[in-house]
Amino acid sequence: MGMKCVQCNTDNNLRDRTRNSGRCKKCLHPFVFEPNRVADYKIAFTDPFFKKAIEDISSQNMLFFTPKQFLHFIDRNLKKRASTNKVLWIYAYLIIGFFVAFSGMMISFSFPDFKLVFLILFIFYNIFWIWLLFETSKYPHNNIFGKKIISKDLQTLGVIILVTGILLSLINNFFLGYIAAIALGLFSYWLGVSQKNRPQITGEIFLVNQAQSNKWLRDWQRVNGTLEKLLPAPRQEALSASIDPEVSTYSFDRAIICDSDETAQFLIANNVHFENNCAILSISGYPQSIFDTVIAMLRRNADLKVYALHDANPAGVSLVHQLRTSPNWFANQAVTIFDLGISPRQILETRDMFVQQSQTMAQSARQLPDAVRQGLTAEELAWLNAGNFVELESFTPQRLLRVVNYGLAQSGDPQSNEGLILVDNSVGYGGGYVFVSDSFG
């Protein structure tokens, strides 16, 4: 396999790389990855592939990203590339089908009705392929793109069955074969359409894990330099930062509260607080150095709007309740809260999210407070009780920032905005409103 050098763009084949101890034959720049030494072809990739992934997730080095976002991004790209190779099933279907037909012809000499023998083989052979593709579409390593590819494969198989079955039936003047071909072909095509339109509500798993992804990032930086847009783990500063007294007398009109330090750090690093003139905090108190001061500033604003941004998991769906009832936040205050998501209802209405499953999440879902459960539909509760969850960091930086900016813009007049649903007037919590967005991204 050839691989271009990311430094000088010279193409090096395996022999060149081996002869030069893993370096470019022209500029001697080291290669980080060697695809020919990876046992699993699904995670075998080249330096240019990895470089492009970094450029794409950072929008050409313009946006900061977290290690978990990169894991999701590289995993998605590896699955997408592996899915494009699955067209080989057509060749397998035709070649194996030829040998099955030849075997059927040999067997038919022992039976008086050779057409019936071919019909039985035709039915069982195609049922096997329909079942194989259908089961493959449910394989947890497949992402949304892979499932769409397999759904199209089912439709393609349906067309092949219709064309070949009808032609052979007409040539042999065999009415039963004609009926069988139409039934199997239409069934395969319908199955592909139904799989394609089915929401992604079941668990998907990674091809690689976080440790492997982090190792790749470390290896890349050791050879090609530090990635400026890769965020480190959030740090909680024990000492309070000094804030100008004149500045602290003011307040913010809006505040985004995240369910994780990583999300808050991501938004701050990408200047969401400057561009939207809002405070950004995490529910655990990040950034700790200015947390107490910012909370005091927020509580002085009677017209404050709060935006909850969280994962779709038990802790995430409890975030609004925690903000409304906790004395450390906005208990007994008439604060308008906007639930930006991700909520289970948004996931149940879409088809392109990375849904994971965990027994730990299932146990946590069954322990949700009654006040939180009452704000969820039966479908949402069933989804959470099954252990399903979606992480904010499964979205690319560009998409996640677009979601936040769109949510802030939506809230200009929530009473007249059809995209925001009043889900709680919070009478029992001391006034205020809670709105939820009916879409995510």
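Every number here is computed from the coordinates shown, using simple stated rules; none is lab data. Predicted model, so just to flag it, every value in this text is computed and none were measured. Reconstructed Cβ throughout: ideal geometry from the backbone, glycine too, with neighbour counts over all protein chains shown.
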Cβ-derived FRET efficiency at R0 22 Å, LEU227 paired with VAL38, nearest 0.05: 0.50
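Using 29 Å as the Cα-Cα cut-off, could you pick out the over-long pairs in LYS52/LYS148; LYS51/LYS148; LYS25/LYS80; LYS25/LYS215?
Details: LYS52/LYS148 24 Å; LYS51/LYS148 27 Å; LYS25/LYS80 31 Å; LYS25/LYS215 26 Å.
Among LYS52/LYS148; LYS51/LYS148; LYS25/LYS80; LYS25/LYS215, the Cα-Cα distance tops 29 Å for LYS25/LYS80.
Using Cβ contacts closer than 10 Å as the measure, can you line up MET3, MET62 from fewest to most? Working shown, then result.
Working: MET3 23, MET62 11.
The order, fewest Cβ neighbours first, is MET62, MET3.
Place the peptides 69-79, 49-59 in order of packing, highest mean first, counting for every residue the other Cβ atoms within 10 Å and averaging per peptide.
Values: 69-79: 22.2, 49-59: 16.9.
Result, highest mean Cβ count within 10 Å first: 69-79, 49-59.
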Order of TYR93, TYR307 - criterion: other Cβ atoms within 10 Å of each residue's Cβ, fewest first: TYR93, TYR307
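I need SER282, SER358 ordered by Cβ neighbour count within 10 Å, fewest first. Don't jump to the answer; show the numbers that get you there.
Working: SER282 23, SER358 14.
Placing the least packed residue first, the sequence is SER358, SER282.
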